[in-house]
Amino acid sequence: MDGKTLARVSAVVFIAVALTVTAIEMSSKDEQPDAIATGDRSIASQDPLAAELRSCTGIGEAGPRDPGCLKAWAENRRRFFGQRDPATAPAPVAPTTLFPNVPASDRKEGKRTEVTAPAMQVEPARPEAR
């Protein structure tokens, strides 16, 4: 047998085997569905927030303007960051101010008190680089 003929026959056999394997693989049915797709369905069925977030993602540009979506995203952020419900969260102890050295009584009455700014620190002189 000639070298060219042998190469052609082997190429034809290789292509035939590849086509057969492809046809068998395409005709066989998967016994197990994708684990990712199954996990998404089970989470959505257990958690209504996940289903709401998925629908908000699907509505496109209207999502950021939809009040239901805004509430769902706020709840998702609250869960993610581990914050408590606003109803059960403790109230802040005291409001913060710009001038903590001024007594609260003076702030409420509107009295003007002399508030001095903190002293500036002078930077030490640096030797010139030559």
> Any residue in the range 24-31 that is surrounded by 10 or more Cβ atoms within 10 Å (Cβ to Cβ), out of contact with any strand residue (DSSP E or B) (no Cβ under 9 Å at 6 or more places or on another chain) and modelled with pLDDT under 90?
Replying inline: no
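Yes/no matrix, rows are residues, columns are (1) surrounded by 10 or more Cβ atoms within 10 Å (Cβ to Cβ); (2) modelled with pLDDT of 70 or more; (3) under 21 Å from the mean Cα position of the chain (by Cα):
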| residue | (1), (2), (3) |
| --- | --- |
| T38 | yes, no, no |
| T57 | yes, yes, yes |
| L70 | yes, yes, yes |
| A94 | no, no, no |
>> The conditions are (1) modelled with pLDDT under 90; (2) of a type in the set (A, V, I, L, M, F, W, C); (3) under 20 Å from the mean Cα position of the chain (by Cα), and M1 fails exactly one of them. Which is it?
In response: (3)
> In the list S42, S10, which residue meets the criterion of being modelled with pLDDT under 75, hydroxyl-bearing (S, T, Y) and out of contact with any helix residue (DSSP H, G or I) (no Cβ under 9 Å at 6 or more places or on another chain)?
Replying inline: S42
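The values are calculated or read from the model by the stated rules, or taken from the named source; none is laboratory data. Fair warning: this is a prediction, and the values are worked out from it, not measured in the lab. Virtual Cβ from ideal backbone geometry, glycine too; neighbours counted across all protein chains shown.
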